[in-house]
Amino acid sequence: MKNNLRRLFMSALMAIVATITATAQCYIIGIDGQWRTDKASVTLQPTATAGVYEGDVTFSSAPNNYFAIASKLTETDGQWAEFNANRYAPETPDALLTLNTPMTMVKGRDASYNVAADGTYRMRVDFNAMTVTLLGTYPDELYIWGSDGVYNPTLASATLPKSETDGVYKATVDFTSCYFNILKQLGTDPTDFDALAPYRYGGGKVVINRDKVMTLTEESFHIAKPGTYDVTVDLRTMKINLHSDTYVPEYPDHVYLIGANGSNVADQGVELTWDEVEGVYTGYVAFYGNKFNISTALASTPDGWEEIADKRIGADAATVEVEPNLTVGIKKGEESDFFIGASVENPVFAYVTLDLVKGRLTLHGTDDSYPTGYPKELYTIGCNGVWSPNIPADVISATDEPGVYKGEITFVGEVGDLHFTVFKRLGAIWDFVNATRLTPYSDGDPANLDENIPVFAPEASPGAWLFSGEPGTYDIEVDLTQGSGIIRISAKSATGITAPTAAPAAKTYYYDLQGRFLGNVEPQKGVYVVKGKKVKK
């Protein structure tokens, strides 16, 4: 009996070994942005242990370093069903792979892994244990650079030692300057700033007590005001956090649309979060109720309306009709019922932008055919330095004359880099809104004061105008009755001109196709968006 069991065990073991041996290749796809089913980005090599493969893999497009593992490629590109049969993926989509932590692989799943930080790593794929591991070491310390106003590549403003958790660094730092970077390594020449490029991390505004993704970029982090903060940098997830027990944010992290789910109770609501633009909350919402309220907090009980009375956001009227593609004014401290005409049987689907900074609410409809004829309002994008398809800089209202719109446009930045464009609709994806974009004949065409600026139909790579004037607020009129349209920008009266504080030196900002910020260093490969235009490299 024992001999029979031994023979059965050995037969099963030999079958497993034969299966592993037959898996003679290990392919990595996606890290070059190609995602071809017939061509690997990297081929890992077999090791001395059957079924285990290793190789160097270079990632260079954070925060979108996605990849898949396969034991077999297809004959031609695009054969995803065949490819996925031999694909190895994490148990959860887009799982984050960190150094020296084996992650489980599941065969046949249509999902991908993600790596937070750019760089070259040793990758090990073990088909025996069904795991994938990034091999490497974290540095003993990191450096904060520029927080004291000194920008010498050989000098750190502060040092972040490694904590008890490998890959996590902590220290209390006194910031006398609002701009800084994180360095993995200092330079050796006080004049050679380019030498820091492979080790310099930044990524824009850091909100106190809130995680911020770090990217490999020359763009600095910046904070609202100097102070002393507990700094935590996690290289496993490539996030930084500046903590202060006394910090009181100007805008809350979340707002809630109470009643959007069809249950008008004070302790339930659809949550919206602001991301890159402080105080501007966005998200996709399915409305199943006829009305909703807005609050910056939820109550602890279903009938706890008094508990959140000082958290409410309303409008000038007690009841307000809301419809897609039409902006409604809002302000904190008011209570209003927003009626939308939705029900469980006939829900309304919309992408919401709730802007507490400028006091407005817009629901961007999902109807591909909108607008037919003249839209209800127009939107400027980019003149404030923000290039997002769902966050307008200005709303230009329709007049009593069909096809004619009037409003204001505010330019923020430096002379010579004040770009803008105008849209007939907003949405979460660039391709969706670019179909209605008012565009110049060529990207960068000048837009001069008190001159008719001709509009051209959107093309494959729509552009933006370059405003020739000074930063500030101006009147803008758009006339869609003349050809594809005419734009005219005029100076306001002396008392009406707003002169915003000059922004730091203007740079080009890159986003992925979902509108997520990628930094201001041009990605090496992939598809990304700059000034609303899709760029493929």
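Given a 1.4 Å probe, how much area per residue of the chain is accessible, in Å²?
46
Relative contact order for the chain using alpha-carbon pairs under 8 Å, separation at least 6, rounded to a whole percent?
Numbers: 1359 pairs, mean separation 41.6, N = 537.
Relative CO of the chain lands at 8 percent.
Whose amide H sits under 5 Å from the amide H of residue 283, counting only residues 5 or more places off or on another chain, with H placed in the peptide plane?
Amide H to amide H, under 5 Å and 5 or more residues apart or across chains, residue 283 pairs with 352.
Counting only DSSP beta bridges with both residues in the chain, what percent are antiparallel, rounded to the nearest 5?
95
Using just the helices of the chain, give the 222 nm mean residue ellipticity in deg cm²/dmol: DSSP H runs with n ≥ 4 each add -39,500 (n - 2.57), and the total is spread over all residues, rounded to 500.
Mean residue ellipticity at 222 nm (helix-derived): -2000 deg cm²/dmol.
At 1.4 Å probe size, with the rest of the protein present, what percent of the exposed accessible area of the range 321-470 is carbon and sulfur atoms?
Values: 3060 of 6260 Å².
Ligands and nucleic acids excluded, carbon and sulfur reach 49 percent.
For the range 136-185, with all protein chains present and a 1.4 Å probe, just round the carbon and sulfur fraction of the accessible area to a whole percent.
Percent of accessible area from carbon and sulfur atoms in the range 136-185: 47.
Of the heavy-atom accessible surface of the range 198-301 (probe 1.4 angstrom), what whole percent is carbon and sulfur?
On the way: 1910 of 4160 Å².
The C+S portion of the solvent-accessible surface of the range 198-301 is 46 percent.
Check residue 205: other-chain or 5+ apart residues with amide H under 5 Å from its amide H, H built from backbone geometry?
222
Going by alpha carbons, how many degrees (0 to 90, nearest 10) lie between the helix axis of 2-22 and the longest principal axis of the chain?
Helix 2-22 and the main axis of the chain meet at about 50 degrees.
Ignoring ligands, DNA and RNA, how do 466, 196 rank by accessible area with a 1.4 Å probe, largest first? Mind dumping the intermediate values first?
Values: 466 45, 196 0 Å².
Greatest to least solvent exposure: 466, 196.
Write down the Kirkwood hydrodynamic radius of the range 223-345, to one decimal in angstroms, obtained as one divided by the mean of 1/r over all alpha carbon pairs.
16.3
Given a cut-off of 25 Å, what percent of all Cα-Cα pairs of the range 30-142 lie beyond it?
Result: 16 percent of Cα pairs exceed 25 Å.
Over the Cα atoms of the chain, what radius of gyration and what Dmax do you get, in Å?
When restricted to Cα atoms, the chain yields Rg and Dmax of 26.9, 101 Å.
Quick one: order 199, 441 from most to least accessible surface, probe 1.4 Å.
The ranking, largest first, comes out as 441, 199.
Between residue 399 and residue 110, 0.36 nm times their residue separation minus their Cα-Cα distance comes to what?
Result: 99.0 nm gained on full extension.
Hey, what did the range 303-442 get for relative contact order, percent, Cα under 8 Å, at least 6 apart?
18 percent.
Of the cross-linked pairs 162/225; 212/332; 170/239; 239/311; 162/184, which ones have a Cα-Cα span greater than 20 Å in the structure shown?
Where the Cα-Cα span goes over 20 Å, the pairs concerned are 162/225; 212/332; 239/311.
The values are calculated or read from the model by the stated rules, or taken from the named source; none is laboratory data. Just so it is clear, the model here is predicted, and its values are computed rather than measured. Accessible surface is based on the protein model in full, side chains and every heavy atom, while ligands, DNA and RNA are left aside. Shrake-Rupley method; radii C 1.70, N 1.55, O 1.52, S 1.80 Å.
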